[in-house]
Amino acid sequence: MTANNLIFSQNASHQEVKITESRLPLIKELSSRDNIYKQFSQTVNYNEKLIAQNQNYSLEMEFYSYTAKKYDDTLTLAAESGIPYDTLISINSISNAGINLNQKKLILPTAKGIFITKTPESNIEALIYQEFKELISNYEDICYNIKDRVFYFLPGKRLTPTQRAFFLDPSMQLPLQNISITSAFGFRNSPIYKRWKFHKGIDLAAKDGTPVYACQNGKVKAVLKMDPIFGNCLIIEHENAYSSVYAHLSDFCVKKGDIVAKGTEIAHTGHTGAVTGPHLHFELRLKGQALNPEDILDFSEKN
């Protein structure tokens, strides 16, 4: 392994490599016109042959830095660097494809695979850990310290189709297949309290037992049972400080802590809590503040 301005430490069980972006060789342009990029590409090609021959422990693992430009995203970076986006997002803790990378300082490794951490901080990192955690023991002789977080490298591994879909689609979908809004967002004469009151979500008509779907990838933050207002209720945390609320449910298909993909069936509608009949109360929140779902989701094809 070439030092490449890395800091090594050794203990009885493994070698730890501390990666500091400011100490790495800087690629200014992902093009053969850049001499640093040419060095990077040569090592990438060499390591690719070793991985194909299953000689993972002979890898010349080096790291370079690159500052993303205005037009860069994970897919273009993968194409131009020759490193799969699976590798790029896992070493740089990029949680979804919708994140603006402009001027973000990135670490570019010289081998294809996945970086996995035992302390995931995003939903995609948690999915990667769940999928590959049994393999960590095979690669624990060396680990990488990136911003005081420890990562292990699994050569040649790729995201699963589920993980790939989870990462690539940052948009939101409607929580029911058939949409009919019976009460909009904003002030209304509450049918429960019989007075003018602010409605923090929208009410969607639905018979008891209608499937409810996660509007976006996320982690189940709370499962409330028989809340006096919301009845049976789910709250899902999404990326970028968004969360969604699904209330008056009859039952649940998920539990607290579950990671769910957009479109996953999470519950069924009911009439629990403070209601006059069966329906789904649906909220979107940003940093805890209620937003109008009709401003964010596409209701153009609602029934």
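The values are calculated or read from the model by the stated rules, or taken from the named source; none is laboratory data. Fair warning: this is a prediction, and the values are worked out from it, not measured in the lab. Ideal geometry is used to build each Cβ from the backbone, glycine not excepted, and the neighbour counts take in all protein chains shown. For accessibility, only protein heavy atoms count, side chains too; no ligands or nucleic acids. Shrake-Rupley method; radii C 1.70, N 1.55, O 1.52, S 1.80 Å.
Normalise the Cα radius of gyration of the range 69-167 by 2.2 N^0.38 Å (N = residues in it) and let me know the number. Walk me through the numbers before you get to the answer.
Values: Rg = 12.8 Å, N = 99, 2.2 N^0.38 = 12.6 Å.
Relative to the rule-of-thumb radius for its length, the range 69-167 sits at 1.01.
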Query raised in the report: For the chain, which whole percent of the accessible surface, found with a 1.4 angstrom probe, sits on carbon and sulfur atoms?
Result: 49 percent
Requested in this report: Could you let me know the centre-to-centre spacing of the range 13-50 and the range 254-302, using Cα atoms, in angstrom?
Outcome: 45 Å
Query - Three principal axis lengths of the range 172-303 [C-alpha, angstrom, descending] - result: 38, 29, 29
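About its Cα centre, what dipole magnitude does the chain give when the only charges are +1 on Lys and Arg Cβ and -1 on Asp and Glu Cβ, stated in debye to the nearest 20?
Working: 33 positive and 32 negative charges, 142 e Å.
Charge dipole, the chain, about its Cα centre: 680 debye, nearest 20.
Protein chains only, probe 1.4 Å: how do 63, 185 rank by accessible area, largest first?
From most exposed to least exposed: 185, 63.
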**Report entry** Euclidean distance between Cα centres, the range 139-194 to the range 57-106, Å
**Finding:** 20 Å
Query raised in the report: Once label points are set 7 Å from the Cα along Cα→Cβ at both residue 137 and residue 71, what is their separation, rounded to one decimal in nm?
Result: 4.9 nm
Query raised in the report: Over the range 62-161, what is the relative contact order in whole percent, taking alpha-carbon pairs under 8 Å and six or more residues apart?
Result: 29 percent
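With each run of n ≥ 4 DSSP H residues scored as -39500 (n - 2.57), what mean residue ellipticity at 222 nm is computed for the chain after dividing by its residue count and rounding to the nearest 500 deg cm²/dmol?
Working: 5 runs with 52 residues, N = 303.
Calculated at 222 nm, the ellipticity per residue is -5000 deg cm²/dmol.
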Query - Rounded FRET efficiency, nearest 0.05, which uses the C-beta distance separating residue 290 from residue 208 and R0 of 30 Å - result: 0.70
Report summary line: To the nearest 20 debye, the range 142-238 has a Cα-centred charge dipole, built from +1 on Lys and Arg Cβ and -1 on Asp and Glu Cβ, of 160 debye
Query raised in the report: In the calculated pair distance distribution of the range 83-232, what percentage of Cα-Cα distances lie above 26 Å?
Result: 46 percent
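Taking the Cβ-Cβ separation of residue 118 and residue 222 as r and a Förster radius of 35 Å, what is the calculated FRET efficiency to the nearest 0.05? If you can, show how the numbers build up before the last one.
Working: r = 25 Å, r/R0 = 0.71.
With a Förster radius of 35 Å, E is 0.90.
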**Report entry** Near-label residues of the range 80-109 by backbone N, under 14 Å of a point 7 Å along Cα→Cβ of residue 34
**Finding:** 80-83, 102-109
Query - For residue 268, solvent-accessible area (1.4 Å; no DNA, RNA or ligand), Å² - result: 40 Å²
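What FRET efficiency comes out for the pair residue 197/residue 256, r = Cβ-Cβ distance, R0 = 30 Å, nearest 0.05? Walk me through the intermediate numbers first.
Values: r = 29 Å, r/R0 = 0.97.
Plugging the Cβ-Cβ distance into 1/(1 + (r/R0)^6) gives 0.55.
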Requested in this report: Roll a 1.4 Å probe over the protein heavy atoms and report the accessible area of residue 73 in Å², nearest 10.
Outcome: 60 Å²
Requested in this report: Quick one: accessible surface of residue 226, probe radius 1.4 Å, all protein chains present, in square angstrom to the nearest 10.
Outcome: 120 Å²
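Just round it to a whole percent: the fraction of Cα-Cα distances in the range 241-301 exceeding 19 Å.
Result: 43 percent of Cα pairs exceed 19 Å.
Which order do the peptides 76-89, 136-149, 169-182 take when ranked by the mean count of other beta-carbon atoms within 10 Å per residue, highest first?
Highest to lowest by the protection proxy: 76-89, 169-182, 136-149.
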Requested in this report: Take the Cα radius of gyration of the chain and divide it by 2.2 N^0.38 Å, with N its residue count; two decimals is plenty.
Outcome: 1.22
Report summary line: Of the candidates 55, 156, 19, the farthest towards the positive dipole end of the chain (Lys/Arg Cβ +1, Asp/Glu Cβ -1, centred on the Cα centre) is 19
